[in-house]
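These notes are about the structure you will find just below.
The values are calculated or read from the model by the stated rules, or taken from the named source; none is laboratory data. These figures come from a predicted structure and were not determined experimentally. FYI the Cβ positions are ideal-geometry reconstructions off the backbone, even for glycines, and counts take in every protein chain you see.
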Amino acid sequence: MTVAQKRPEFRNINALTDLPSYRLPAAGIVSILHRVSGVLMFVLLPFILWIFDTSVSSEISYARLRAAFQVGAFSWIVKLVALALIWAFLHHLIAGVRHVWMDVSHAAVTKARGATSAKVTLALSIALTVILGAKLFGLY
């Protein structure tokens, strides 16, 4: 006679009580940020086009664009938007390369390698953003 094992109990989660204590793995964070960075680049596409159009229209409009990045309190807003774009592009690019690498290399689809590649993706995107942000804000 065999004793029946108790089946696992599944329940719905409560967003207010369960989500703050939930520990999302690094791969999940990279996946969510990959989507966020894609949306951010899409939403800021008019800003990107304005910067490009202004920079190539004439010497006067290029000088106005440089002034928008250099003078006054407004320059901090422009630089923060540009920094957000830098992060979005870098994270989206590195996470995309990670996804392609995982699709091509079947050995990369293990839990350990997925966690490692997710941490490398986060570290690279943050480090490169800090380096380029320092250049953008004139620290070097």
Looking only at residues that are surrounded by fewer than 11 Cβ atoms within 10 Å (Cβ to Cβ), among the β-branched types (Val, Ile, Thr) and at pLDDT below 90 in segment 1-57, which one is farthest from residue 78 (Cα to Cα)?
2
Go through segment 1-48 and count every residue that is part of a loop (DSSP other than H, G, I, E, B), farther than 22 Å from residue 89 by Cβ and free of Cβ contacts under 8 Å to residues at least 60 places away in the same chain.
21
By residue number, the members of segment 105-119 that are free of Cβ contacts under 8 Å to residues at least 12 places away in the same chain and not small (Gly, Ala, Ser) are 106, 109, 110, 111, 113, 116
Whether any residue in segment 75-82 is basic (Lys, Arg) and either under 22 Å from the mean Cα position of the chain (by Cα) or surrounded by 14 or more Cβ atoms within 10 Å (Cβ to Cβ) (or both) is what I want to check.
yes
Quick one: in segment 25-71, which of the residues that are among the hydroxyl-bearing types (Ser, Thr, Tyr) and under 14 Å from the mean Cα position of the chain (by Cα) is farthest from residue 136 (Cα to Cα)?
31
